Amino acid sequence: AEAKRSGRSHAVYTVKIDQTYASRLALMGDLRQAIEKNELSLYCQPKVHVESSRLCGAEALVRWPHPERGILSTGQFIELAEHSGLITPLTHWVLESAFRHRYAWQAKGVTQPLSVNLSAHDLRDPALVGWIEGLMSTWGAEPDWIEFELTESALMQDPVRAVSTLGRLKQLGSRLFVDDFGIGHSSLSYLQKLPVDALKIDQSFVAPITEDRSSAAIVRLAVGLGHDLGLEVVAEGVENRAQWDRLAELGCDVIQGYYVGNPMPADQYGCWQQSSPWREPSVRTPG
Ligand code: C2E
Ligand code: MG
Ligand code: MG
Ligand code: MG
């Protein structure tokens, strides 16, 4: 009976693996089609400058409204894309969409930059920078239209290559962000070598900031490090005023999160910002 039971459980286990594999495979097929059929959509979320309380940019976040599964968690399908070779077409879709939307904003008088998330795989793609350069010339884009966010862990997967790819992006004039800072085991010596402009402190330090003294200590450290390296410091995942106040006290320069605004379809951003309390200044102050 023992052998039979373990035999059966082994069979169940195998079936379970097959189902997971099959469902991942099915999901990959769906994602490939969604990219080809242009069924993804680009959302964007505002960022606000702490000192002025004015909008200073937005982040592009891809959404996949799956016909049967509903809106899937972005983190999950990005990971799937990275492990299935779909990340390159996905990144191309996101970049094209970001440039198209940013071009449309220009006509509506929105002058803020839009930032695009790049993955570890993108950093290893020798064609990436040329692709971006092509889009810049197609859309007649200024270098400050589109910025790039790279997670600390993606940068640390291959720091030597990261330094070189970031250097080429920097030559195009783009601003660069280290995303999810604090959870990616940065080597501080590489951080110093990376030609980046800003750090985004990971939300896991922001969420407990008003209650947890150790999170506040980490944020204070990240702000100090960022400022000493000449970088702007952004806090993401800010959901309420108390968190804003504490982060402002700790010296964060820019705030992003539900407190400022939820991610929204990119074509609604122009309208939203006109009636938002965080209106963009009509005349930009230099610096
Ligand atoms: P991320 O770049 O760190 O983006 C921030 C995530 O936090 C987004 O999740 C956003 O919706 C969520 N968020 C924003 N404000 C708040 C808040 O106040 N509270 C909480 N709890 N969450 C907030 P999302 O859109 O699900 O994206 C997850 C991750 O997937 C992103 O993290 C990014 O790493 C990746 N991702 C999203 N879009 C793209 C893309 O187009 N390309 C690549 N390569 N990665 C992407
Ligand atoms: Mg990001
Ligand atoms: Mg982040
Ligand atoms: Mg994140």
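The values are calculated or read from the model by the stated rules, or taken from the named source; none is laboratory data. Note that this is a predicted model, so its numbers are computed, not measured. Using ideal geometry, Cβ is built from the backbone for each residue, glycine included, and neighbour counts are taken over all protein chains shown.
Scanning the stretch 67-94 for residues that are within 18 Å of N38 (Cβ to Cβ) and surrounded by fewer than 15 Cβ atoms within 10 Å (Cβ to Cβ), which turns out nearest to ligand 3 (Cβ to nearest atom)?
I71
Could you count how many residues in the stretch 55-72 are within 26 Å of Y103 (Cβ to Cβ), out of contact with any Phe, Trp or Tyr (no Cβ under 6 Å at 6 or more places or on another chain) and of a type in the set (D, E, K, R)?
Summing the residues that are within 26 Å of Y103 (Cβ to Cβ), out of contact with any Phe, Trp or Tyr (no Cβ under 6 Å at 6 or more places or on another chain) and of a type in the set (D, E, K, R) in the stretch 55-72 gives 1.
Looking at (1) within 16 Å of ligand 1 (Cβ to nearest atom); (2) surrounded by 14 or more Cβ atoms within 10 Å (Cβ to Cβ); (3) hydrophobic (A, V, I, L, M, F, W, C); (4) not in a loop (DSSP other than H, G, I, E, B), can you tell me which one I183 breaks?
If we test I183 against (1) within 16 Å of ligand 1 (Cβ to nearest atom); (2) surrounded by 14 or more Cβ atoms within 10 Å (Cβ to Cβ); (3) hydrophobic (A, V, I, L, M, F, W, C); (4) not in a loop (DSSP other than H, G, I, E, B), just (4) comes out false.
What are the pairs, 6+ residues apart or on separate chains, where a residue within the stretch 194-206 that is within 9 Å of E232 (Cβ to Cβ) has its Cβ under 9 Å from a residue that is within 12 Å of ligand 1 (Cβ to nearest atom) and in a helix (DSSP H, G or I)?
Listed pairs, sorted by first residue: L199/E152.
With the requirement that a residue be surrounded by 21 or more Cβ atoms within 10 Å (Cβ to Cβ) and part of a helix (DSSP H, G or I), what does the stretch 196-231 give you?
Scanning the stretch 196-231 gives F205, V206, V219, A222, G226.
Return the residues of the stretch 43-57 that are within 16 Å of ligand 4 (Cβ to nearest atom) and not polar (S, T, N, Q); say none if nothing qualifies.
Of everything in the stretch 43-57, those that are within 16 Å of ligand 4 (Cβ to nearest atom) and not polar (S, T, N, Q) turn out to be Y43, C44, K47.
Take the conditions surrounded by 14 or more Cβ atoms within 10 Å (Cβ to Cβ), farther than 16 Å from E96 by Cα, within 14 Å of ligand 1 (Cβ to nearest atom) and among the aliphatic types (A, V, I, L, M) and apply them to L169. Does it pass?
no
Filter the stretch 232-252 down to the residues that are part of a loop (DSSP other than H, G, I, E, B) and of a type in the set (A, V, I, L, M), then identify the one that is nearest to A58 (Cα to Cα).
Out of the qualifying residues, it is V238.
Looking only at helices (runs of 4 or more DSSP H) that lie completely in the stretch 53-126, which have at least 3 residues being within 16 Å of D267 (Cβ to Cβ)?
Filter on the stretch 53-126 gives 87-107.
Cβ-Cβ under 6 Å, sequence separation 6+ or interchain: first residue in the stretch 139-161 and at pLDDT below 95, partner within 16 Å of ligand 1 (Cβ to nearest atom) and in a helix (DSSP H, G or I). Which pairs?
Taking only residues 6 or more apart or on different chains, the pairs are A154/A120; L155/A162; Q157/A120.
Collect the residues in the stretch 210-264 that are more than 16 Å from ligand 2 (Cβ to nearest atom) and either touching a Lys or Arg at 6+ places or on another chain (Cβ under 8 Å) or polar (S, T, N, Q) (or both), keeping them in residue-number order.
T210, S214, S215, A216, N240, Q243, L250, G251, Y259
Given (1) part of a helix (DSSP H, G or I); (2) more than 12 Å from ligand 1 (Cβ to nearest atom), where does S153 come up short, assuming only one miss?
Here S153 meets the rest and fails (2).
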